[in-house]
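Student: Sharing a structure with you now.
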Amino acid sequence: MKIVFATENTKFTEKNLRAWFRISLCPLWLILLVLSGCAKEPLYQSQAYVFGTLVDVSIYGEPEPRARELADHVLQDFQNLHNRLHAWQPDSELGQLNQAFATGKSQPISPELAQIISNASALSLQSNGLFNPAIGGLIKQWGFHRDEFTPVKIDEAAISTLVKTNPKMTNVVIENGMAYSKNQAVRLDLGGYAKGYALDRAAEYLRTQNVKNALINIGGNIIALGKHGEKPWRVGIQHPRKPEPIATLDLDDGWAIGTSGDYQRYFELAGKRYCHVIDPRSGYPVQGSQAVTILVPPGKLAGTLSDVASKPIFIASPDDRATVAKAMGIAHFMVINAQGRVFVSASIAKRLKWVEKNVAFQLLQ
């Protein structure tokens, strides 16, 4: 699901949407649409391509030189994280750790990566294994360890073997600054965690610099600080099969939003869509959902949860979505299923402002 930042009276034109679609690879995206006459608005934006996606840092109310310096710091930190946590680069810290796991060896680990793995393990347990960063082998098997997504030959035997090895986060042991895996099939891929973690780092840094108002977007995982002038930051939720937003909502201070979707990171084979979200239980891409959007209230891990918690809900069966959302501590969520039907929790329903007319949705209890 895509994210569009919108101000009042903004018109979503097909030209704008198509132009952005060509440069965006993420399941959510953000456009800052400035109204005519707003050139003097104290809003600074900086963009970069990090984590395999477009990143946007918007800072409101700061002098431009200072805003530029702050945004540059944030983007450089993102690049450093990307370099260290890259799942399929052998010289990255995570790549070296995966090589050690594959050979049954121990590997020195930085305190920060140790904490990341510990937190990811706790969230994996919380999701009953539906969020599982240990299945990097399956992600590679499906061809999603690449920058471009093209059809791959589906090797049922290889997929079955990988599933039977049952890699999970609890296989990873960290002791005295060293890490090893009790299961040599574990390949860590933090693609569903790192962007949210980076959001939390950026928000914390900007707050330490007394920045009151900012919006940080990493491939559609977004966290808000303060306001956009006198108004909340407003985002639009893009329909996964249509070029325009289906709804908008306001992000208050400290709130984060994220989505898992079956589009943009996918390929089609024999008329069937295969997306990058893999069900660890079957080893196959999820087929039952088009998109799941979650809204996370302020908290120490709001950004991280915006990245992580949408995935278990996306993977869960229709009857289990509400239960899984509750287990992940998510009260605000919206699901668009494989047939395009819209389901929303009661709490997010109160915040949504429908842009698409006559949306038929069902409340999830």
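Student: Could you sort Glu230, Glu112 by accessible area so the largest value comes first, with the probe set to 1.4 Å?
Tutor: Largest accessible area first, the residues go Glu230, Glu112.
Student: Could you tell me which of rounded, prolate or oblate describes segment 110-246, using a ≥ b ≥ c as the square roots of the eigenvalues of the alpha-carbon gyration tensor, with rounded for a/c under 1.5 and, failing that, prolate when a/b is larger than b/c and oblate otherwise?
Tutor: It is oblate, given that a/c is not under 1.5 and a/b is not larger than b/c.
Student: Sticking with this one: Can you tell me the order of 88-99, 217-228, 259-270 when each peptide is scored by its average per-residue count of other Cβ atoms within 10 angstrom, highest first?
Tutor: Peptide ranking by packing, descending: 217-228, 259-270, 88-99.
Student: If you rank Val152, Val335 by how much accessible surface each has, with a 1.4 Å probe, what is the order from largest down?
Tutor: From most accessible down to least: Val152, Val335.
Student: Explain nothing, just the number: relative contact order of the chain, from Cα pairs under 8 Å at least 6 residues apart, as a whole percent.
Tutor: Once normalised by length, the contact order is 18 percent.
Student: Full-extension gain between Ser160 and Ala338, please, as 0.36 nm times their residue separation minus the C-alpha to C-alpha distance.
Tutor: Gain on stretching Ser160 to Ala338: 61.6 nm.
Student: Each residue of segment 321-329 in turn: what ³J(HN,Hα) in whole Hz from Karplus with 6.51, -1.76, 1.60 and θ = phi - 60°, glycine and Pro shown as x?
Tutor: Each residue of segment 321-329 in turn: 4, 5, 5, 5, 4, 5, 4, 8, x Hz.
Student: Can you give the FRET efficiency to the nearest 0.05 for Lys272 and Asn210, using r as the Cβ-Cβ distance and R₀ = 41 Å?
Tutor: The formula returns an efficiency of 0.20 here.
Student: Another question, if that's okay. Given the protein chains as shown and a 1.4 Å probe, how many square angstrom of Arg201 are accessible, to the nearest 10?
Tutor: So the heavy atoms of Arg201 present about 70 Å² to solvent.
Student: Per residue and in Å³, how big is the convex hull formed by the alpha-carbon atoms of segment 63-119?
Tutor: Looking at segment 63-119, the number lands at 94 Å³ per residue.
Student: Ok, one more. Hey, which lysines would be in cross-link range of Lys212, C-alpha to C-alpha under 18 Å, not counting anything within fewer than 8 residues on its own chain?
Tutor: Candidates past the 8-residue exclusion: Lys227, Lys231, Lys300.
Student: Using the alpha-carbon centroid of each, what span in Å lies between segment 338-365 and segment 253-330?
Tutor: Going from one Cα centre to the other spans 16 Å.
Student: Per the helix-only calculation at 222 nm, which mean residue ellipticity applies to the chain, given -39500 (n - 2.57) for every DSSP H run of n ≥ 4 and division by its residues, nearest 500 deg cm²/dmol?
Tutor: -9500 deg cm²/dmol
Student: Now a separate question. Once you've got the GNM for the chain with C-alpha springs shorter than 10 Å, pick whichever of Pro65, Pro42, Pro312 has the biggest mean-square fluctuation.
Tutor: Comparing Pro65, Pro42, Pro312 in a Gaussian network model of the chain, the most mobile one is Pro65.
Student: As an exercise, identify the GluC sites (Glu not before Pro) in segment 129-229 lying in DSSP coil whose Cβ has no more than 13 other Cβ atoms within 10 Å.
Tutor: When the GluC sites (Glu not before Pro) of segment 129-229 are filtered for loop state and at most 13 Cβ neighbours within 10 Å, Glu148 remain.
Student: Is the chain best put as rounded, prolate or oblate by its Cα gyration tensor, with a ≥ b ≥ c the root eigenvalues, rounded for a/c under 1.5, and otherwise prolate when a/b is larger than b/c, oblate when not?
Tutor: Since a/c reaches 1.5 but b/c is at least a/b, the shape of the chain is classed as oblate.
The values are calculated or read from the model by the stated rules, or taken from the named source; none is laboratory data. Everything numeric in this text was worked out from a predicted model, so none of it was measured. All Cβ positions, glycine included, derive from the backbone under ideal geometry; neighbour counts span all protein chains shown. Just so you know, the surface numbers come from the protein's heavy atoms only, side chains and all, with ligands and any DNA or RNA stripped out. Shrake-Rupley method; radii C 1.70, N 1.55, O 1.52, S 1.80 Å.
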